[in-house]
Amino acid sequence: MRIRNWDKFQHYKPMHSKYKKQMTWLKLYGGDILNDIDWFELSDTNKAIYIELLCLASQNHGNIPELKTISFRLRRPIDQLQRALEELAHFIEDGIYSVYTMPILEEEKEEEKEQEEKVSKEFLESTFNKFWEFYPNKQGIARAKEYWKSKKLYKYVDDIIKHINYMKTTQQWKDKQFIPHGSTYLNKRLWEDGITKPTIKGRVL
């Protein structure tokens, strides 16, 4: 069994990841209750039982457990609950509610981002040092470090080193005045230009 129209009650958005598997509060629409004749025909006891069932269902995506479990959780006798469920037929339906997946909150995204930065911090530093060791024009190190981190260039360290090693063998980079600053090389992603041979007036060197 499950609460009828359960979708209307699940507006809860957990503020902490440990609460995302269950709703710690649910939403009631007063207008729906006050305009529902079936609600006013319920006894005061069964109105209370319905609210208790809502709280119980909030821990299992709108689903209501078997009668024996309900009796234990609500501390009410089974025969009372059997009669109550008959009277509450308008508010309860058969079936299993598909598991509701809470949206990823900004707080969780921030936690994931912080975790990613924490994991890659040492690797970030070691890969940048590797790049800087190989790169021949050591100008703009501060900005180069910023680009390395913000653009996550450590992911391309092998391609970058390969390109640098090749360019060192070219006539173009033998003259250091034609080697861009390290920060410029990273910002313009020059290694993505591929390995090309420089030319002078259309002639390959």
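The values are calculated or read from the model by the stated rules, or taken from the named source; none is laboratory data. Because the structure is predicted, anything quoted here is derived from the model rather than measured. Cβ coordinates were reconstructed from backbone atoms using ideal geometry, including for glycine residues, and neighbour counts include every protein chain displayed.
Miscellaneous remarks
Listed here are the residues, each with its yes/no results for (1) at positive phi; (2) buried (at least 18 other Cβ atoms within 10 Å of the Cβ); (3) assigned to a helix (DSSP H, G or I); (4) of a type outside the set (Asp, Glu).
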{"position": "Glu125", "(1), (2), (3), (4)": "no, no, yes, no"}
{"position": "Asn137", "(1), (2), (3), (4)": "no, no, no, yes"}
{"position": "Arg143", "(1), (2), (3), (4)": "no, no, yes, yes"}
{"position": "Glu146", "(1), (2), (3), (4)": "no, no, yes, no"}
{"position": "Lys149", "(1), (2), (3), (4)": "no, no, yes, yes"}
{"position": "Tyr154", "(1), (2), (3), (4)": "no, yes, yes, yes"}
{"position": "Asp158", "(1), (2), (3), (4)": "no, no, yes, no"}
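- Answer from Lys47, Lys8 - the residue that is assigned to a helix (DSSP H, G or I), under 26 Å from Leu67 (Cβ atoms), among the basic types (Lys, Arg) and modelled with pLDDT under 70: Lys8
- Residues that are at pLDDT 90 or above and over 34 Å from the mean Cα position of the chain (by Cα), drawn from segment 171-205: Trp173, Ile179, Pro180, His181, Gly182
- So Glu107, is it among the acidic types (Asp, Glu), farther than 30 Å from Ala57 by Cα and at pLDDT below 90: no
- Pairing each residue of segment 58-81 that is farther than 13 Å from Arg2 by Cβ with any residue that is part of a loop (DSSP other than H, G, I, E, B) and at pLDDT 90 or above, provided the two are 6+ apart or on different chains, yields C-beta distances under 9 Å for Ser71/Pro77.
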